[in-house]
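So the structure is just underneath, and the comments pick up after that.
The values are calculated or read from the model by the stated rules, or taken from the named source; none is laboratory data. Just so it is clear, the structure is predicted and the values come from calculations on it, not from any experiment. Glycine gets a Cβ as well: all are built from the backbone with ideal geometry, and neighbour counts include every protein chain shown. The accessibility values were calculated without ligands, DNA or RNA, using every heavy atom of the protein model including side chains. Shrake-Rupley method; radii C 1.70, N 1.55, O 1.52, S 1.80 Å.
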Amino acid sequence: MMQPFLKEVGRGKRGSRDLTYDESIRVAEMIFNGTASQAQIGAYLIAERMKMESMEEMIAFVDVCRSHSMIHPVPGSIDCAGPYDGRKKSFYATFPTAFVLCAMGIPVSLHSSPSLPPKNGLTLYDILQALDIPPNNMHAETLIEAAERTGFLFVPTEEWCPPLARLRGIRTEIGLRTLLNTVEKLIRFSDSPSMTVGIFHGTVFDKIVELLRRTGVNNGLVVQGMEGSEDISVERRTRALLVSEQQKEWLVIDPELLELQINYPEVKWNANLQAETILSVLKGNGDLAYYNTVLLNAGVRIWLCGKANSIEQGITQAKYVIDSGEALDQYYNWKNAVKTLSMKL
């Protein structure tokens, strides 16, 4: 029964209380298995937004969400998690960056769904369509085999976690950010020991750090990136928090000190332009601002995964991989694998 829990979280600013982990597990199960009604789900999500979710509540939802998901472990991989409501104003650097890392032997997982509120921006779904890689036609077996061949795992989140697909309607009707906007980023379909996570508001740094620690991430970077994404800008300094099991450390990533700072062109993004820009960067003839953005993000992630002694060294390695064409080859290897394997199923 949802009513007793709704009473606890929905009593108002002074009367409401945080649910325990066990209570939250019960609520999450009712929401994800369809026992709770649409009205109850909506009421709970709004009440939690007003009360502010506790750590125990968030962890419970992540755990239940994972239990309803398909998990395919990829040892030594890094999971790069950005906002599921997409982007409107920034370059999707995380996608080409993934192939730079894969070319260096670092497996990468990215995950996405069709766009959601509140931003309703472009997502990787839209970009893959523009790259002639329809994400709706990719079976799990295809994606896993392509990942084994290339190191890159793309996960269509709502197919690998069906309850999130069932909740899409009510989330769209609510139109506001809810705890699910954080939960879906932290599923870790590949059980990655390393993770980089984007946030929008600096007030949630500590909460996300604790979530990473308590959900199995050994080495993480929480980034206040472009539009709340995991992508670091080359136009300005970016705050980040490096976290391990033992400690956390504040970082200010300054593109000027790394000799990568440059202003972005005025661009009105659409999926086709994102796709064209991604390919131009991988081909080595892209606009310098976007080329530098991929260098910076790749350098940081290479360093995070322990494959470089410094961000500077990671940038140097990333530059070689792009300029030599290895990253582009890795992208085409993955695309060809997905298309070839899809035809066999």
Restricting to DSSP loop positions (anything but H, G, I, E, B) with no more than 10 other Cβ atoms inside 10 Å of their own Cβ, which trypsin sites (Lys or Arg not before Pro) remain in region 254-345? Lys268
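Taking the Cα centre as origin and putting +1 on Lys and Arg beta-carbons and -1 on Asp and Glu beta-carbons, what dipole magnitude results for the chain, to the nearest 20 debye? Don't skip to the answer; put the middle values down first.
Values: 35 positive and 40 negative charges, 162 e Å.
That gives a dipole near 780 debye.
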First compute the accessible area of region 103-151 with a 1.4 Å probe, then give the percent of it belonging to carbon and sulfur atoms. 45 percent
Points 7 angstrom from Cα along the Cβ direction at Val252 and Asp63: gap in nanometres? 3.9 nm
Taking the dipole about the Cα centre of the chain, with the C-beta of Lys and Arg at +1 and of Asp and Glu at -1, give me whichever of Ala275, Ser229, Gly121 is farthest to the positive side. Gly121
Per 10 angstrom bin, beginning at 0 and ending with the bin that holds the maximum distance, the Cα pairs of region 1-45 fall in percents of 28, 59, 12, 0
Percentage of Cα-Cα pair distances in region 145-194 greater than 16 Å, rounded to whole percent? 51 percent
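Taking 0.36 nm per residue of sequence separation and subtracting the Cα-Cα distance, how much length would be gained by fully extending the chain between Arg17 and Ala140, in nm to one decimal? Provide the component values of the computation, followed by the final result.
Values: separation 123, 0.36 × 123 = 44.28 nm, distance 4.02 nm.
So the extension gain works out to 40.3 nm.
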Taking the convex hull of the Cα atoms, report for region 39-79 its projected area averaged over all directions, in nm². 4.3 nm²
Derived scalar couplings ³J(HN,Hα) [region 94-100; Karplus, 6.51 cos²θ - 1.76 cosθ + 1.60; whole Hz; x for Gly, Pro]: 4, 6, x, 4, 4, 7, 5
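Given a cut-off of 25 Å, what percent of all Cα-Cα pairs of the chain lie beyond it? Please list the in-between numbers first.
On the way: 29997 of 59340 pairs.
Percentage above 25 Å: 51.
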Tell me the relative contact order for the chain as a rounded percent, counting alpha carbon contacts under 8 Å between residues six or more apart. 20 percent
Based on DSSP H runs of at least 4 residues, each adding -39500 (n - 2.57), what is the mean residue ellipticity at 222 nm of the chain after dividing by all its residues, to the nearest 500 deg cm²/dmol? -14500 deg cm²/dmol
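What ranking do 9-19, 94-104 get when scored by the average of other Cβ atoms within 10 Å per residue, highest first? If you can, show how the numbers build up before the last one.
On the way: 9-19: 14.0, 94-104: 27.2.
Top to bottom by mean Cβ count within 10 Å: 94-104, 9-19.
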Largest fluctuation, Asp22, Asp85, Asp323 only, Gaussian network model of the chain with Cα springs under 10 angstrom, belongs to Asp22
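If you roll a 1.4 Å probe over the heavy atoms of the protein chains, what accessible area per residue do you get for region 237-322, in Å²?
Working: 4500 Å² over 86 residues.
For region 237-322, the per-residue accessible area is 52 Å².
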In Å², rounded to a whole number, the accessible area per residue of region 25-177 with probe 1.4 Å is 35 Å²
